[in-house]
Amino acid sequence: MPEPATVAVTPSESATPAPRSWLEALRVYLEPSSLRMLTLGFSAGLPLLLVLGTLSFRLREAGIDRSTIGYLSWVGLAYGFKWVWAPLVDRLPIPGLTRALGRRRSWLLLSQAAIIAGLVGMALADPRLTLGPIVWCAMAVAFGSATQDIALDAFRIESADINRQAALAASYQTGYRLAMIWAGAGVLWIAARAEVAPAVQVVGQLAAQAGLMYQNEAWRTAYLVMAASMSVGVITVLFSREPARIELPPAKDAAEWLKAALVEPFADFIGRYRWQAALILGLIAVYRISDVVMGIMANPFYVDMGYTKDEVAAVTKVYGVIMTLLGAFIGGVLSMRLGVMRILMLGAVLSAATNLLFAWLAARGHDVTALIFVVSADNLASGIASAAFIAYLSGLTNVSYSATQYALFSSMMLLLPKFIAGFSGDFVNAHGYANFFTATALLGAPVLVLVWLASRVTPVEKNPSK
């Protein structure tokens, strides 16, 4: 096999391929690689809410304080540090499993097993008795999910050329968001139906603080169903084809292996972008900050505003996610037609602006019609931004180091926002929900400047034959 090229496609507009016809752009979504990303995206999206969003709803209903919920969101920092073990996923074989399935599929299967085990543990734990077991199991799910993301991002990047990455990103987002419907609305619907008797008909902050609405057996059933739902990803991995393997020169010793696994992927990125690498990494670090910081307190907000499980499930976890799917589809098509950077800017503007709608909603209290409007706008913006952002990150990646480099990018996307989000409960306790949502919108202002600057970045080209 010839040695892989070391030139990565630049995300700048000057490198954008000639626009396709609308029909050609739409047909990409029916290709096998796009359909695989649909189901694998489901597997990737399922664990996230169960250790963050849905878990925060469960904990608030159990009477756990908002500050504690905010700090527990730091479990999600596993996603921000996945670059640490990404080189191992990129190169280290799993004894027996890699020989049978290949490098990418073996790591996908192992990580999915860890997720299933962690979800079962979360199902069996009761947060009212002690938070320890549920936190440790949530950490196992987050670690397994982050590892799955590493292998899956590499699998996606290696499955198609750069011209199809936006479509693969949109398909991935579609599966991801469908999983979020199931892990959001589905788990709430199951928990509501599994209650042995109607929950106490007292809603609002006092009921939440006292844990009057909580039934652990119902949540146990719901989380066990979620664990079983991971079989979608397991079956897809077992019946998928391993991407064409990128042959890398064998290492002579352990030191050379560590250099190739840990140093070269990062050196390649710095070498291609030089000082502009700092600008790119800065954009990646803050692009989704408005949504991520706001998202931790969204479910406690719904509980405190008196919305029931069925209302939250129907509006935010089904209708809202459908709007995200529409946004992801629009973002993928527009990125191919108009260029990634233009849609990246559009997504940044919309993501920050729609957080202000939550501040307006906080002043209205329990209003389902207003909730539908706010969630629709917010999720449409999120879908557009996500599809463009994933395509942007994919364009930065060199296929020779796809798992490690993409893990670095996607980790930086979450690290700072997740850390700041840990203090969100304290902020809400001190200043209220309306001020909190307004502050998260303001966090998105610097992103606009960084997108404008990043659109002018061009990499230093290298000779592919070297």
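No lab work stands behind these numbers, since they all come straight from the coordinates. Quick caveat: nothing in here was measured; it's all calculated off a predicted structure. Note: ideal-geometry Cβ built from the backbone for every residue, glycine included; neighbour counts use all protein chains shown.
Which value, in Å to one decimal place, does the Kirkwood hydrodynamic radius take for the stretch 52-98 when every pair of different Cα atoms is included?
13.1 Å
Projected area of the stretch 57-172, taken from the Cα convex hull and averaged over every viewing direction, in nm²? The partial results should precede the final answer.
Numbers: hull surface 35.8 nm².
Result: 8.9 nm².
Hey, any idea what Rg/Rh is for the stretch 314-466, computing Rh the Kirkwood way over Cα pairs? Each step should come with its number before you reach the end.
Values: Rg = 17.8 Å, Rh = 17.2 Å.
Radius of gyration over Kirkwood radius for the stretch 314-466 works out to 1.03.
Would you please give the residues with an amide H less than 5 Å from that of Met297, counting only those at least 5 places away or on a separate chain, with H modeled from the backbone geometry?
Here the answer is none, since no amide H 5 or more places off falls under 5 Å of that of Met297.
Taking neighbour counts of Cβ atoms within 10 Å as a proxy for exposure, in what order, fewest first, do Asp153, Asp126 appear? If you can, show how the numbers build up before the last one.
On the way: Asp153 27, Asp126 15.
With the fewest neighbours first, Asp153, Asp126 line up as Asp126, Asp153.
Determine the alpha carbon to alpha carbon distance for each of Lys82/Lys418; Lys309/Lys418; Lys259/Lys418 and list only those over 23 Å.
Checking Cα-Cα distances, Lys309/Lys418; Lys259/Lys418 exceed 23 Å.
Can you report the principal axis dimensions of the stretch 288-341 using only the alpha carbons, biggest first, rounded to whole angstrom?
Dimensions of the stretch 288-341 along the principal axes of its Cα atoms: 43, 23, 9 Å.
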